[in-house]
Amino acid sequence: PNEPMVSPKGNENVLFQLTEQFLGDDYKTNGIEINNRFGEKANRVVPLKSLQRVPAFTKARKLPADAEFSVFLPAHQEMADEVIDELLAVPENQLQDLLSTCVFARVNLNPQLFNYCYSVALMHRNDTSNIPIQNFAETFPSKFVDSKVFAKARESAAVADKGAPRIPIIIPRDYTATDLDIEHRLAYWREDIGINLHHWHWHLVYPFSSTQRRIVAKDRRGELFFYMHQQIIARYNGERLLNSLARVKKFNNFTDPIPEAYFPKLDSLTTSRGWPPRQANMRWSDLNRPVDGLVVSIDDMNRWRRNIEEAISTGLVRMADGSTQTLDIDTLGNIVESSILSPNRDFYGSLHNNGHSFAGYMHDPNMQYLESFQVMADESTNMRDPFFYCWHAFVDDLFQRFQESGNVRPYSRSELENPGVQITSARIESSTGEMNTINTFWMQSDVDLSRGLDFSDRGAVYARFTHLNHRPYQYVIEANNTGNANRTTVRIFICPKFDERNLPWILNDQRKMFIEMDRFVVPLNAGQNRIVRQSSQSSLTIPFEQTFRDLRAQGSDARNPALASFNFCGCGWPQHMLTPRGTEPGAPYDLFVMLSNYELDAINNPEGQQLSCVEASSFCGLKDRLYPDRRNMGYPFDRPSTSAANIQDFATLPNMSLTDITIRLQNVTEQNPRNPTN
Ligand code: CUO
């Protein structure tokens, strides 16, 4: 029962001993003796217990092994439901039975479908939540890096001697377009592997559908859908200003041409085909792809949109039985996405999810050309596409209109102040010795592709990619406490000081541009307090190693019960993307710090599972526990202020502070000192 499902060490070849019962029809009819064929390379053989119950997988088997898989497609979602149900139906603590069922599913199902269901199942079973799975970028590297790398990797794997030092394959920084396309200026951000991994993990932790309601019904998941994506848009817009581009325009009219083109330069190793590109000025068309379960028209989209807009302006949700309920932000999130928690899915439809499908199938809406979807319909690739932000700007605007409607009350003074608590100074100290300046730079890091390459049995194959990073820094906050508070929540945000015309913001625009940098609770003494917090401790981020490295490769042991659940621990904004890029002359930013009244912040959280990884609660919540902040997500900037016109007026309460800071890009490229090839 203590057998690990994966080998604890990266260089061990484990063979699961298959019997007839496990084999797919291909193997049976071709007479391949699978164990003998691959057995010679195994240095450990794991016998499998016979299946007590052979899953039928009636729906899931219909997806060919060489097809792409996406949860946005209703037909694929049904297949995933079927597989997840089977994996969860194996009784708890019957790990040998679970192992056999997983192996059976792996042998007989589409690999991407299997990987998704396996990950969701491991995360939601009590007996497996500590079992790590491989890093998704290492299992499906073709979703994250330039397809040219794989031919080189194949070559490298074929010629290199086992154990010989590996020279990493360099992924050029600009490989998807040139600067003739102005949107390409943001490619370093949109195509960042860590950002895309975070997004994929977020949707894995927060699925929108399942036959098992508990998988979906997590604390405040609708509100978090809104907030996490709102912060993505705010971060992207800030990054656009740094690149002399205006904020992204929402995709407001579903029949308009889309000026943004995207040529992903990704090849799928599952389908052996390239991901379809999109040329400039293509349009959405009605979708008629029964095989994907997608028969939906632009008229449907407009009807759902009108119904949602009516709910936003009236503040009332129409229930299926004709009654009405008060609308709140969490319900609106579930309606718009939509998740199975939407109170009336017939009436409000599935606006956001179908937007991804419309965008993903612009090149073949009727399946005339037997084409698969483009990057927009896959959670692990869609943030690469400039149109992602046009679509999510539209989605975010729905939420913002609710926040600005008369149905959401602006915060009163008593909800913002913290009696007796006064910030006397707040500053940033950089590891470079500078005050109120953050320095960013470029870094090259290596990722191991070999686990996703079945031709590579000779050790690691590294790809070296370039990403943004920053010099470490710390916040130093001095506060005077003359009241009764013995704790406070420290809330740290930053925002560009000026808009795209270089003018100061009005508060109702600027509030949407503030990006959360950290949120944490500290004790407060009477009198003077000095609060010091490192940039690496941010509640948004996970460390570089947690984003990129397979936990096995760090000498972790799958049998160690303290080991983190990678599925959950992989969710978190990458630490290397915490800070906006800045500019070479230095970009002026506002640093906003607030020490809020803990009485109104506190959550009484039941004891949950203690994870040994860093949790990124601001964007990902806490595993099996309540979201650790009672305030609305984004507080105090989630809604407009009635009294303040600009941030200077707003930040006048003693428990708030505003500091001018500068973000400067040092235009140098450094090697990651932790690269395994160094
Ligand atoms: Cu994350 Cu549209 O929700 O991609």
Straight-distance crosslink candidates among aspartates and glutamates, where the alpha carbon sits under 15 Å from Lys62 and sequence neighbours closer than 8 are dropped: Asp25, Asp26, Glu78, Asp81, Glu82, Asp292
Förster-model FRET efficiency, 35 Å R0, Gln279 and Gln666, C-beta, rounded to 0.05: 0.40
Solvent-accessible area, 1.4 Å probe, carbon plus sulfur percent, for the chain: 48
Calculated from backbone phi, Karplus (6.51, -1.76, 1.60) coupling profile of the range 98-112 in Hz, x at Gly/Pro: 5, 4, 4, 5, 5, 5, 4, 5, 5, 6, 9, 10, 3, x, 6
Two-site label geometry, Glu478 and Asn675: point separation in nm, points 7 Å out along Cα→Cβ: 4.3
Solvent-accessible area per residue for the range 182-404 (1.4 angstrom probe, square angstrom): 33
Viscosity 1.567 mPa s, 4 °C: Kirkwood-radius Stokes-Einstein D of the chain over Cα pairs, µm²/s: 49
Estimated vicinal HN-Hα couplings, Hz - the range 411-424 in sequence order (Karplus 6.51, -1.76, 1.60; Gly, Pro = x): 5, 7, 4, 5, 7, 9, 7, 9, x, x, 9, 10, 7, 9
Loop-resident sites, the range 82-170, for trypsin sites (Lys or Arg not before Pro), counting at most 15 other Cβ within 10 Å (DSSP): Lys162
Hz values of 3J(HN,Hα) by residue in the range 137-143 - Karplus curve (6.51, -1.76, 1.60), Gly and Pro given as x: 5, 8, 7, 10, x, 5, 7
Full-stretch length increase - Val54, Asp219 - with 0.36 nm per residue and alpha-carbon distance subtracted: 55.9 nm
The range 285-433: C-alpha pair distances exceeding 23 Å, %: 51
Nitroxide proxy distance, nm - points 7 Å out along Cα→Cβ at Glu309 and Asn288: 2.7
Two-site FRET efficiency, Ala75 against Leu23, from Cβ-Cβ distance with R₀ of 25 Å, rounded to 0.05: 0.45
For the chain, Cys with no neighbouring Cys Cβ under 4.7 Å: Cys102, Cys117, Cys390, Cys495
Overall form of the range 183-298 per C-alpha gyration tensor (a/c, 1.5; a/b vs b/c): rounded
Rounded, prolate or oblate (a/c below 1.5 giving rounded, otherwise prolate when a/b exceeds b/c) for the range 99-216 by Cα gyration tensor: oblate
Anisotropy class of the range 110-160 from Cα gyration tensor, a/c 1.5 cut: prolate
Amide H within-cut-off set for Ser268, under 5 Å, with H built and near neighbours excluded: Arg273, Gly274, Trp275
Antiparallel content of DSSP bridges confined to the chain, in %, to 5: 80
Relative contact order (%) - criterion: Cα under 8 Å, at least six apart; region: the range 182-404: 28
Sites Ala89 and Arg427 - FRET efficiency at Förster radius 56 Å, r taken between beta-carbons, to 0.05: 0.50
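The values are calculated or read from the model by the stated rules, or taken from the named source; none is laboratory data. The shown structure was predicted, so the numbers you read here are calculated from the model rather than taken from an experiment. A quick note on method: Cβ atoms are made from the backbone with ideal geometry, for glycine too, and the neighbour counts reach across all protein chains shown. Side chains included, ligands, DNA and RNA excluded: accessible areas come from the protein's heavy atoms. Shrake-Rupley method; radii C 1.70, N 1.55, O 1.52, S 1.80 Å.
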